[in-house]
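Below: the structure, in structure tokens.
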Amino acid sequence: MFTSSLREAEQGEIELMNVDGDALWALVLYCYTGCIELQEDSVETLLATACLLQLNPVIKACCQFLVKQLHPSNCLGIRMFADTQGCTELFEHAHAYTTKHFMEVTRNQEFLLLSANEVAKLLESEDLNVPSEETIFHALMIWLEHDPENRSKDASKLLGLVKLPLLSPAFIADNIESNEMFKDQRMAQELVMEALKYHLLPERRPLLQSGRTKPRKATVGTLLAVGGMDANKGATSIDAFSLRDNAWTSFAAMSGRRLQFGAVVVDRKLIVAGGRDGLKTLNTVECFDFSTFLWSTLPPMNVHRHGLGVAVLGGPLYAVGGHDGWSFLDTVERWDPATRQWSSICPMSIQRSTVGVAVLNDKLYAVGGRDISSCLNTVECYDPHTNKWTPCAPMSKRRGGVGVGVVNGCLYALGGHDAPASNPNASRFNCVERYDPKTDTWTMVAPMSVPRDAVGVCVLGDRLMAVGGYNGQQYLMLVEAYDPHLNEWEPVAPLKAGRAGPCVVVKNLANST
């Protein structure tokens with residue numbers, strides 16, 4: 001102001017409008033001494049004055065001070081103040097704090113006093129740290145009911161920012177459809193109808209996709225990479241991936257080493273089955289309880305299996321195919337959690353090891369794998385009501401070590417190899433195929449960024465995750481996410497170390513520990 005070409009540089013006396021005298025005096029002293037005292041009750045006034053005078057060292061010090069003061073009771077005010085002053089870094093810190101502590105923030109006075117536009121800005125965020133979308137709805141109702149007379153006019157607009165299709169029909173009926181706040185609002189009723197259609201017409205869900213059908217990052221669950229093969233003798237660590245934080249953390253450890261085993265979540269417990277411990281093929285089954293963080297032993301399978309596929313269909317767990325150390329297997333067995341017993345069911349039409357297994361439309365699919373002579377492109381599905389396997393259309397590629405997952409009513413086959421690793425001419429694939437059960441056809445979709453087999457596959461929210469794997473030379477840290485609506489892959493945070501093993505997703509993990 002005083003050293004530029006502005007007119008104030010030529011004036012002998014300047015009137016500073018709306019400037020706090022105490023703050024200005026403190027800044028003048030700072031210019032002479034290089035020291036300034038920051039206090040909780042005056043730091044915002046000091047920051048506003050420093051911004052006016054463009055005293056960057058003081059601005060930085062004030063912002064750092066306010067970051068340390070962030071609390072659920074004041075973060076919204078600091079966030080809005082930072083936005084007003086143009087302090088981008090402080091705003092980002094305050095916004096991140098608000099989204100991380102959203103549930104506590106909604107229980108404080110600042111939240112109740114927000115304007116409708118400020119509430120909308122919050123509810124638009126995909127980063128709100130909440131266990132479920134129900135939490136978002138309850139927060140909205142707390143704000144609306146604080147001043148219903150003046151806020152009801154904004155109710156429908158704000159309800160549109162709640163992802164109603166992700167709420168259960170019972171919740172919608174009990175809390176929204178019958179709510180007096182929304183009864184006479186046409187837009188609210190249209191939103192309710194949209195959500196109920198999403199539930200009543202599952203076959204149309206691919207056509208009903210919108211921002212309201214895409215889950216928030218914190219509600220999709222936690223992805224766990226469980227053990228597997230690595231550059232050493234096999235990983236025993238279990239690492240957890242948070243989509244909201246886009247980061248991996250150490251979570252737990254397996255009770256012992258297993259390679260080429262199956263892993264699945266049943267009744268909020270992690271079950272690992274079969275595999276091999278180096279030389280010996282296993283039939284042992286273990287269970288990890290997320291509430292106690294303890295491992296326990298379950299009854300063993302009837303058959304020793306490595307390279308098996310596992311999946312949950314209805315209540316029971318199925319162990320499919322594999323290799324017993326001597327021969328390839330076509331046998332399948334089923335674990336009943338109620339009786340705690342394994343029983344054999346109808347075998348597959350052919351032997352399959354390193355087989356991909358998934359559940360789609362109440363049927364169990366066995367995809368690819370290899371038998372004694374070659375890798376397979378054949379696919380078959382099992383109906384538990386008839387206890388029969390039925391052939392499906394074959395894939396265009398032979399895929400041993402294939403990864404499989406189900407999104408939006410379609411089955412995906414990822415990567416794999418066309419010959420054993422001992423074959424010098426073996427190839428690994430980055431290509432991905434999608435199976436549509438309505439037409440019994442396979443279609444190529446966007447490929448992964450690199451060829452790999454033994455890739456861990458699971459669904460996190462509305463995206464298919466490809467985790468680790470082996471490219472023929474090394475075990476991979478690479479993790480990619482596939483968006484079926486855009487037909488695109490994008491990288492996410494890599495594993496802490498390269499591995500090729502199974503992965504699972506657990507919902508509301510923080511609530512069980």
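Projecting the Cα atoms of T222, T284, T236 onto the charge dipole of region 219-291 (Cβ charges, centred on the Cα centre) puts T284 farthest toward the positive pole. Taking amide H as placed 1.01 Å from N in the peptide plane, N283 has its amide H under 5 Å from the amide H of R305, each at least 5 places away in sequence or on another chain. Using a cutoff of 8 angstrom between alpha carbon atoms and counting only pairs six or more residues apart, the relative contact order for region 7-116 works out to 18 percent. Counted residue by residue at 0.36 nm each, then reduced by the alpha carbon distance between them, the extension gain from V266 to K496 reaches 80.2 nm.
Per-residue extension of 0.36 nm, minus the Cα-Cα distance of T390 and T84, leaves a gain of 103.7 nm for this segment.
If R₀ is 35 angstrom, what is the calculated FRET efficiency for the pair D289 and Q474, using the beta carbon separation as r and rounding to 0.05? Efficiency, rounded to the nearest 0.05: 0.55.
Applied to region 449-458, the Karplus parametrisation 6.51 cos²θ - 1.76 cosθ + 1.60 on θ = phi - 60° returns per-residue 3J(HN,Hα) values of 6, 9, x, 6, 10, 6, 7, x, 10, 7 Hz, with x for Gly and Pro. Projecting the Cα atoms of Q209, N175, V506 onto the charge dipole of the chain, computed from C-beta unit charges around the Cα centre, puts V506 farthest toward the positive end. The slack between E104 and D127, meaning 0.36 nm per residue of separation minus the straight C-alpha distance, is 6.8 nm. A simple rule links phi to the HN-Hα coupling: the Karplus curve 6.51 cos²θ - 1.76 cosθ + 1.60 with θ = phi - 60°, which for region 259-269 gives 10, 6, 9, x, 9, 7, 9, 10, 6, 6, 10 Hz, with x for Gly and Pro.
Shown is the FRET efficiency for T439 and M193, computed with R0 = 25 Å from the Cβ-Cβ distance and rounded to the nearest 0.05: 0.25. Over the chain, what is the relative contact order in percent, taking alpha-carbon pairs closer than 8 angstrom and at least six residues apart? Once normalised by length, the contact order is 9 percent.
For region 160-223 and region 408-461, what is the separation of their C-alpha centers, rounded to whole Å? Using only Cα atoms, the two centres lie 33 Å from each other.
Among L47, L208, L6, L128, a tally of other beta-carbon atoms within 10 Å of each Cβ gives an order, fewest to most, of L6, L208, L128, L47. Ordering Y365, Y97 from the fewest to the most neighbouring beta carbons within 10 Å gives Y97, Y365. Summarise the long-distance tail of P(r) for the chain by giving the % of C-alpha pairs beyond 35 Å. So the pairs more than 35 Å apart make up 47 percent of the total in the chain. Say the cut-off is 24 Å between C-alpha atoms; which of K269/K388; K68/K163; K153/K183 go over it? Cα-Cα > 24 Å for K269/K388; K68/K163; rest within. Evaluate E = 1/(1 + (r/R0)^6) for F65 and A9, where r is the Cβ-Cβ distance and R0 equals 30 Å; express this FRET efficiency to the nearest 0.05. Working from the Cβ atoms, E equals 0.45. In this rough spin-label picture, where each label sits 7 Å from Cα along the Cβ direction, the D184-L114 distance is 2.8 nm.
Determine the shape class of region 222-507: with a ≥ b ≥ c the square roots of the Cα gyration tensor eigenvalues, call it rounded for a/c under 1.5, and otherwise prolate if a/b is greater than b/c, oblate otherwise.
rounded
FYI, it's all coordinate maths here, none of it is from the lab. Just so you know, these numbers come straight off a predicted model, no measurement behind them. Virtual Cβ from ideal backbone geometry, glycine too; neighbours counted across all protein chains shown.
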